[in-house]
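Structure, as structure tokens:
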């Protein structure tokens with residue numbers, strides 16, 4: 001089962017996802033499975049961790065981190 005919260009990320013129930021922020025700069029950090037993280041028009045930070053991730057910062061000045069194995 002996948003859960004999408006506020007259009008920001010999709011959670012499949014297999015790991016923890018940390019989301020920090022509100023209306024402005026947001027930071028999303030996920031773990032080892034395949035994740036989809038999306039930013040908005042603000043300056044966001046996305047960290048997909050291990051796995052086959054899809055990261056989209058959207059508009060704004062974003063920081064995208066990905067673990068390469």
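A few points about this structure:
- Unmet requirement for residue 64, which otherwise passes all of (1) out of contact with any strand residue (DSSP E or B) (no Cβ under 8 Å at 6 or more places or on another chain); (2) modelled with pLDDT of 70 or more; (3) surrounded by fewer than 16 Cβ atoms within 10 Å (Cβ to Cβ): (1)
- Residues that are in contact with a strand residue (DSSP E or B) (Cβ under 7 Å, 6 or more places away or on another chain) and either at pLDDT 85 or above or not in a loop (DSSP other than H, G, I, E, B) (or both) within the stretch 22-43 comprise 27, 28, 29, 36, 37, 38, listed in sequence order.
The values are calculated or read from the model by the stated rules, or taken from the named source; none is laboratory data. Note that the structure is predicted; figures quoted are calculated from it, not measured. Glycine gets a Cβ as well: all are built from the backbone with ideal geometry, and neighbour counts include every protein chain shown.
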